[in-house]
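Quick notes on the structure that follows.
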Amino acid sequence: MNTIILSPDEPAHVRAAPSHRDPSAYYSRLAQEQPFFHDEANGWWVAASAAAVKEVLTSKICLTRPLSEPIPEALLGGAAGQIFGRLVRLRDDDAGDKLRLAVASALRSVDLGQVAVVAHRRAMELDGDAQEMFSVDRTMTFMFALPVQVVAQLLGIPKASFGDVMAWLGDYGAAAAAAATGIPALTAELLARGDHGAQALFELVMKIRRDSQQCGPLLHALANEARRVGCDDETDVVVNAIGYLVQGYVAMASLIGSTLLALARQPALRTQVVADPTLLRPLIQEVLRCDPVTNSTFRFMARDAEIAGHMVRQGEMIIVLLAAANRDPALNPDPDRFDITRADRKFLEFGAGVHACPAEKFAPLIVEVAVAHLLRRGLPFEQLESSLTYAASGHVRTPLFKR
């Protein structure tokens, strides 16, 4: 079926869904009724069922970038393009395969107990001496600051640079997203800020990499793992250390926000979690299934081939709906029910295949520390829903709370 029949409350198309107030029913319908289809109006293919999504993600001919444009044209020649082109999550070359192994091994080698300690301490430092309940605005500041600052500290970035690093990440991320996806629209100012942010990040992390006294455990592990697999390019190591920051900047903040929303919408569940903090971990896992951060991702055909029973041509784009696959009954029974006690929970937030994200334990741990801290401090849960919007994005679902 090539024609999408929308209800009045549904997103206009799959790239409008991440910013929609509630796309859950839309994703459920696509997973069951349109598992793999061509959107004639917009010119892209869509993989929605769990089977189709897994097939695309594990196929060697479905690339993260088109063969004709490994780096978006608008980024060529600037520092943002230099970072974009070296990130392993956006590469399908042989050198990228080796470096991807190093990136994953380094992240998984970091002591999670140490990560928890760093996150707890940073949460307390961000909190300062304040005794009053968190405001909505302060909650949003905290949810963006804590994850990226934990990663920054593990890389060896000094605390005095945290504010600059967050600004640079925001500028680079906005420019890269605009150039790669068209959301937001790329402007000359956005591009200039993105190049400046990328250059500043690169210079800072390169300086830390060359200082054995300052180099943090995560950066040290990445350099060692890269050397072990035969990756001797220092620039690749530095850029992919920055990649940890880029991935964590929005992703973990978004998961914190979505977890807080789940607690705000279910007061009884919130009471349970406050009484038994061990419930936080399955709660976060269920949020990852029901309201994932990465609603979708791109793939591009390396050659003509059959995918999910359809002939897809070289260069054509497939939008891979992770959020829809999570709601496929073939992956999870009764998938529209939010249940933190769900047995054998399955979700695709961290992808599948060679480009699967290696942060499946690292990221939820930081989110767990953040949410636990906020619960102890007290939040205006009743105000979260009324202050809620979603960031403009064609792929990532980021709740924003602003009064």
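The values are calculated or read from the model by the stated rules, or taken from the named source; none is laboratory data. Predicted model, so just to flag it, every value in this text is computed and none were measured. Cβ coordinates were reconstructed from backbone atoms using ideal geometry, including for glycine residues, and neighbour counts include every protein chain displayed. For accessibility, only protein heavy atoms count, side chains too; no ligands or nucleic acids. Shrake-Rupley method; radii C 1.70, N 1.55, O 1.52, S 1.80 Å.
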With respect to residue 31, is the statement that it is within 30 Å of residue 244 (Cβ to Cβ) and either surrounded by 20 or more Cβ atoms within 10 Å (Cβ to Cβ) or of a type in the set (Lys, Arg) (or both) true? no
Top-ranked residue of region 282-330 - restricted to ones that are assigned to a helix (DSSP H, G or I) and among the β-branched types (Val, Ile, Thr), ranked as nearest to residue 19 (Cα to Cα): 287
Can you name every residue in region 341-368 that is within 11 Å of residue 288 (Cα to Cα), part of a loop (DSSP other than H, G, I, E, B) and touching a residue at least 40 places away in the same chain (Cβ under 8 Å)? 345, 346, 347, 348, 349
Going through (1) touching a strand residue (DSSP E or B) at 6+ places or on another chain (Cβ under 6 Å); (2) free of Cβ contacts under 8 Å to residues at least 60 places away in the same chain one by one, residue 322 fails only at (2)
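So that you can scan it fast, the table gives a plain yes or no per residue for (1) in contact with a Gly (Cβ under 6 Å, 6 or more places away or on another chain); (2) among the hydroxyl-bearing types (Ser, Thr, Tyr); (3) open to solvent by less than 50 Å² (accessible area, probe 1.4 Å):
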position	(1), (2), (3)
160	no, no, no
169	no, no, yes
172	yes, yes, yes
179	no, no, yes
182	no, no, yes
185	no, no, no
Mind checking whether some residue in region 122-141 is under 24 Å from residue 62 (Cα atoms), open to solvent by 30 Å² or more (accessible area, probe 1.4 Å) and not in a helix (DSSP H, G or I)? no
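Here's the yes/no breakdown for (1) at pLDDT 95 or above; (2) among the polar types (S, T, N, Q); (3) open to solvent by 40 Å² or more (accessible area, probe 1.4 Å); (4) under 14 Å from residue 254 (Cβ atoms):
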{"site": "300", "(1), (2), (3), (4)": "yes, no, no, no"}
{"site": "305", "(1), (2), (3), (4)": "yes, no, no, no"}
{"site": "315", "(1), (2), (3), (4)": "yes, no, yes, no"}
{"site": "320", "(1), (2), (3), (4)": "yes, no, no, no"}
{"site": "323", "(1), (2), (3), (4)": "yes, no, no, yes"}
Search region 230-256 for residues being in contact (Cβ under 8 Å) with a residue 40 or more places away in the chain and over 19 Å from residue 90 (Cβ atoms), and hand back the single one that is surrounded by the fewest Cβ atoms within 10 Å (Cβ to Cβ). 230
In region 328-340, what residues are among the charged types (D, E, K, R) and either open to solvent by less than 20 Å² (accessible area, probe 1.4 Å) or in contact with a Leu (Cβ under 6 Å, 6 or more places away or on another chain) (or both)? 328
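Conditions (1) over 19 Å from residue 180 (Cα atoms); (2) modelled with pLDDT of 95 or more, marked per residue:
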residue: 55; (1), (2): yes, yes
residue: 63; (1), (2): no, yes
residue: 76; (1), (2): no, yes
residue: 79; (1), (2): no, yes
residue: 97; (1), (2): yes, no
residue: 104; (1), (2): yes, yes
residue: 116; (1), (2): yes, yes
residue: 119; (1), (2): yes, yes
Just one of 145, 106 is open to solvent by less than 20 Å² (accessible area, probe 1.4 Å), free of Cβ contacts under 8 Å to residues at least 60 places away in the same chain and within 21 Å of the chain's Cα centre (by Cα); which is it? 145
Looking for something touching an Asp or Glu at 6+ places or on another chain (Cβ under 9 Å), closer than 21 Å to residue 31 by Cβ, among the small types (Gly, Ala, Ser) and open to solvent by less than 30 Å² (accessible area, probe 1.4 Å) - is there at least one such residue anywhere in region 278-297? no
Condition broken by residue 156, with the remaining ones in (1) at positive phi; (2) within 17 Å of the chain's Cα centre (by Cα) satisfied: (2)
Could you please give the count of residues in region 73-92 that are under 20 Å from the mean Cα position of the chain (by Cα) and closer than 15 Å to residue 172 by Cα? 7
Residue under question is residue 222, and the condition is that it be within 21 Å of residue 110 (Cα to Cα) and at pLDDT 95 or above; does it hold? yes
